[in-house]
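Visitor: Structure provided below as structure tokens; questions to follow.
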Amino acid sequence: MSNREQTYDVVGIGFGPSNLSLAIALEEFGAHGMENEISSLFLERQPSFGWHRNMLLPSATMQISFLKDLVTFRNPTSGFSFIAYLHASGRLPQFVNNQDFFPTRQEFHQYLEWAQAQVAGRIEYGAEVTSIRLPSGTAPQEGADRLVLEVAEGAGRTGRAVEARNVVISTGLVPSMPAGAERDERVWHSSEFLDKYRRTDHRELRRVAVVGAGQSAAEIARFLYDELPHAQVSAIIPSYGYAVADDTPFANRIFDPSAVDDYYFGTEQTRESFWRYHRNTNYSVVDDEVIRDLYRRSYDDEVRGVTRLQLLNLTRVTGVKRAGAETRVSLQVGPDAELRELDFDLLVCATGYDGMEPTGLLGELDRYCLRDEAGRYRVERDYRIVTTPELRCGIYLQGGTEHTHGLTSSLLSNLAVRSGEIADSIIARRAGYGAEREVLAKIGGDIA
Ligand code: FDA
Ligand code: NAP
């Protein structure tokens, strides 16, 4: 359990898969006889572990191989792997017989819960970090080697301060709504879907609409079609039809650990090529299987002479108004961008996410963090924000580094390796300059 008085070597902010993977990396470093174990604490605002719980739809599957779990790419012999979890659950033979690289999100969630239970001593749930600052009375020019995190704990939001030599920010993606749409009891973002759905009287949902042409939108449209047989489901998509996520082997190489170096050390032109050619591995695209499921439902409708699944293609939402009990949605429709208004009982905006944005948490510390010409954080290869020399403690990012480290920044593919690199960097910097140079040479970091 944590000691409330101590200064931790590492405090992680947010405890999704990224910082869970880091907690395991630190645990494994400790187990391998590190002389002075790295002390760490992970603060998570949710009351218990949860990985996009509101999108744990019954048939949703993972979008990466189970081998890209929390550890395997860093340490294939780890006891925290998905295979170790299957073995512990007595399901390894059954899983193998299923011959499928892509478990359901529900099963992967169980794996993550199993893994977090083994590092429970390092985690505090119900603890939201509200800001990070220098210790009181520190004059910036003196050089700060500690940071203070302000934390709101529990339902009563009791305040508490935690000290750290390094922080690892991993607060996740930020839901994005269409301009002119506010969330309310009948206008939801996909990130709150299941929670809101369970609390709604389904009989009232006769005309429902799902906005977006990404994986979240397609999965929710399929779910609503199956769960609400009395309802018409309108899919409002900006494309002509759902486009498939490129999951082919050569394209998949952009998620390999080595692709991070190619992106990080590449030219502007290289980076641009990653995005131009490979955005369709992840954004605004849908797994082939889900597209076919939806098409089959739409075709069955035609055969039966009904239109339960209606595709409003080449259509964008431009605004949402409440009109009594109705949700009135303004749309730009079709090839001529004709303006229309339609009423729905429910509008689900599966309109994606913005990248992780640590500026709010950093507050006054932000002025020690250097930015590039485009105003984005400069980040070293070891995921540490480049700071002015007087800030000697490390601020690391897990997420929010698409501009420096590429597409895996917000995904699971490179978690195991990335968190190992962060752990290496923290350990090396603590060990002192000599060891630091050696380890950083290996992982390509800079000594600030
Ligand atoms: P994640 O968002 O999981 O965790 C951040 C945590 O920080 C949250 O638990 C949050 O509560 C907490 N937090 C935020 N602010 C805080 C604060 N101030 N104080 C304390 N805690 C705070 N990728 C992939 O590669 N394969 C896949 O199959 C999927 N599947 C998938 C499904 C769905 C529905 C979504 C929306 C996304 C995916 N992704 C994905 C991408 C996704 O970003 C990725 O799977 C992980 O969630 C990234 O893990 P993180 O820990 O970085 O963020
Ligand atoms: P996304 O891929 O960013 O898709 C958002 C969609 O919303 C895009 O089609 C976008 O169109 C559209 N959109 C935005 N504003 C709109 C508007 N005003 N009107 C109409 N459409 C609008 O987001 P996502 O589907 O939530 O996926 C995010 C991440 O989660 C991805 O990494 C995805 O793989 C992952 N995910 C995984 C699973 C799973 O593992 N099973 C499930 C869900 C999500 P434009 O592109 O034209 O703006």
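Visitor: Explain nothing, just compute: Karplus ³J(HN,Hα) = 6.51 cos²θ - 1.76 cosθ + 1.60, θ = phi - 60°, for every residue of segment 400-410 in order, whole Hz, x for Gly and Pro.
Guide: Here the 3J(HN,Hα) series is x, 10, 4, 6, 10, 10, x, 5, 6, 3, 9 Hz.
Visitor: Based on the Cβ-Cβ distance of V333 and Y283, what FRET efficiency does E = 1/(1 + (r/R0)^6) give at R0 = 22 Å, to the nearest 0.05? Mind showing how you got there, number by number?
Guide: Numbers: r = 23 Å, r/R0 = 1.04.
E(calc), rounded to 0.05, equals 0.45.
Visitor: Once a ≥ b ≥ c are taken as the square roots of the eigenvalues of the Cα gyration tensor of segment 192-339, is the result rounded (a/c under 1.5), prolate (a/b larger than b/c) or oblate (a/b not larger than b/c)? Before the final figure, lay out the partial values.
Guide: Details: a/c = 2.13, a/b = 1.89, b/c = 1.13.
Prolate.
Visitor: With both bridge residues required to lie in the chain, what share of the DSSP beta bridges run antiparallel, to the nearest 5%?
Guide: On the way: 35 of 70 bridges.
In the chain, DSSP labels about 50 percent of beta bridges as antiparallel.
Visitor: Moving on to the next point. Any idea what the relative contact order of segment 212-348 is, in percent, if you count C-alpha pairs under 8 Å spaced at least 6 apart?
Guide: Working: 188 pairs, mean separation 37.4, N = 137.
Computed value for segment 212-348: 27 percent relative contact order.
Visitor: Ranking request for peptides 257-265, 334-342, 200-208, 409-417: highest mean number of other beta-carbon atoms within 10 Å first, then the rest in descending order. Please list the in-between numbers first.
Guide: Working: 257-265: 16.7, 334-342: 11.7, 200-208: 14.1, 409-417: 22.8.
Most protected by this proxy first, the peptides run 409-417, 257-265, 200-208, 334-342.
Visitor: Moving to a separate point now. Please state the shape class of segment 1-116: rounded when a/c is under 1.5, otherwise prolate if a/b exceeds b/c and oblate if not, all from the C-alpha gyration tensor.
Guide: Numbers: a/c = 2.71, a/b = 1.54, b/c = 1.76.
Because a/c hits 1.5 or more and a/b fails to exceed b/c, segment 1-116 counts as oblate.
Visitor: Kindly rank 113-122, 228-237 from highest to lowest mean number of other beta carbons found within 10 Å of each residue.
Guide: Numbers: 113-122: 17.1, 228-237: 20.6.
For the peptides 113-122, 228-237, the packing ranking is 228-237, 113-122.
Visitor: Sort E182, E107, E373 by Cβ crowding within 10 Å, fewest neighbours at the top.
Guide: The fewest-first ordering by Cβ neighbours comes to E373, E182, E107.
Visitor: When a/c is below 1.5 the answer is rounded, else prolate if a/b is larger than b/c, else oblate, so apply that to segment 41-189 with a ≥ b ≥ c taken from the square roots of the Cα gyration tensor eigenvalues. Write out the running numbers ahead of the final one.
Guide: Details: a/c = 2.43, a/b = 1.48, b/c = 1.64.
Taking the square roots of the gyration eigenvalues as a ≥ b ≥ c, segment 41-189 is oblate.
Visitor: Count the net charge of all other residues whose Cβ sits under 11 Å from the Cβ of L86, scoring Lys and Arg as +1 and Asp and Glu as -1.
Guide: Values: positive: R91; negative: D69, E107.
After counting each charged neighbour, the total is -1.
Visitor: Express in % the proportion of alpha carbon pairs of the chain at distances exceeding 41 Å. Mind showing how you got there, number by number?
Guide: Numbers: 21728 of 100128 pairs.
In whole percent, the share of Cα-Cα pairs in the chain beyond 41 Å is 22.
Visitor: Report the relative contact order of the chain, percent, no decimals, based on alpha-carbon pairs under 8 angstrom and at least 6 residues apart. It would help to have the intermediate numbers written out before the result.
Guide: Numbers: 836 pairs, mean separation 92.6, N = 448.
Worked out over the chain, it gives 21 percent.
Visitor: Quickly estimate the mean residue ellipticity at 222 nm for the chain, helices only: each DSSP H run with n ≥ 4 gives -39500 (n - 2.57), and the total goes over all residues, rounded to 500. Intermediate results must be reported in sequence, preceding the final value.
Guide: Details: 14 runs with 137 residues, N = 448.
Mean residue ellipticity, 222 nm, calculated: -9000 deg cm²/dmol.
Visitor: Within segment 287-312, list the residues whose amide N lies under 11 Å from a label point set 7 Å along Cα→Cβ of Y240.
Guide: No residue passes the distance filter.
Visitor: A further question on this structure: Give me the angle, in degrees from 0 to 90, between the Cα long axis of helix 105-117 and the longest principal axis of the Cα atoms of the chain, rounded to the nearest 10.
Guide: 20 degrees
Visitor: Also, I was wondering about something else. How do the peptides 220-227, 99-106, 169-176 rank, highest first, by the average count of neighbouring beta carbon atoms within 10 Å per residue?
Guide: Details: 220-227: 22.0, 99-106: 14.9, 169-176: 19.5.
Answer by packing, highest mean first, reads 220-227, 169-176, 99-106.
Throughout, read-outs are computed from the coordinates displayed, never taken from laboratory work. None of the values given here were measured: they were computed from a predicted structure. Positions of Cβ are generated from backbone atoms using ideal geometry, with glycine treated the same way; all protein chains shown enter the neighbour counts.
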